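Chemist: Below are the structure tokens for one structure; questions will follow.
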Amino acid sequence: MNDIISVLRKSNPTIEELLACFELIRKDGNVVVIKMDGARADSQYTVFVTFSEGEREMIRFDGDNFKGTLLEVLRAYHVEK
């Protein structure tokens with residue numbers, strides 16, 4: 001979790017850093033889905049996390065900006081953790 005916090009504190013984290021955070025979420029036994037939908041005109045990026053133990057509600061964000069959508073999910077994950 002500390003790695004996620006340190007990435008979120010950066011003013012402009014890289015895509016690689018953000019994806020590494022999602023790897024940490026996956027390693028905790030959760031499911032991460034990143035969808036890029038070319039058929040949609042708006043909110044073409046969907047990112048969500050589901051929790052294997054049902055301990056938390058799914059976190060989901062749709063957006064037009066890939067990096068921004070990744071950040072929104074990570075922020076929600078951090079706040080709810």
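Chemist: Can you work out the accessible area per residue across the chain, with the rest of the protein chains kept in place, probe 1.4 Å, in square angstrom?
Modeler: 62 Å²
Chemist: Something else now. When the dipole is taken about the Cα centre of the chain, and only Lys, Arg (+1) and Asp, Glu (-1) are charged at their Cβ, what size is it in debye, to the nearest 20?
Modeler: Result for the chain is approximately 140 debye, rounded to the nearest 20.
Chemist: Report the label-to-label distance for SER52 and ASN65 in nanometres (one decimal), using points 7 Å from each Cα along the Cα→Cβ vector.
Modeler: 3.4 nm
Chemist: Which value does Rg/Rh take for segment 39-81 over its C-alpha atoms, Rh per Kirkwood?
Modeler: 1.03
Chemist: Same structure, new question: Take ARG9 and VAL79, extend 7 Å from each Cα along the Cα→Cβ direction, and tell me the distance between the two endpoints in nm.
Modeler: About 2.0 nm, to one decimal.
Chemist: Percent relative contact order of segment 20-68, based on C-alpha pairs within less than 8 angstrom and at least six residues apart?
Modeler: 29 percent
Chemist: A further question on this structure: Quantify, in whole percent, the carbon and sulfur part of the accessible surface of the chain (1.4 Å probe; protein heavy atoms only).
Modeler: Reported share for carbon and sulfur atoms: 48 percent.
The values are calculated or read from the model by the stated rules, or taken from the named source; none is laboratory data. Here the structure is a predicted model, which is why all the values come from computation and not from measurement. Cβ coordinates were reconstructed from backbone atoms using ideal geometry, including for glycine residues, and neighbour counts include every protein chain displayed. Please note that ligands, DNA and RNA were not included when accessible areas were found on the heavy atoms of the full protein model with its side chains. Shrake-Rupley method; radii C 1.70, N 1.55, O 1.52, S 1.80 Å.
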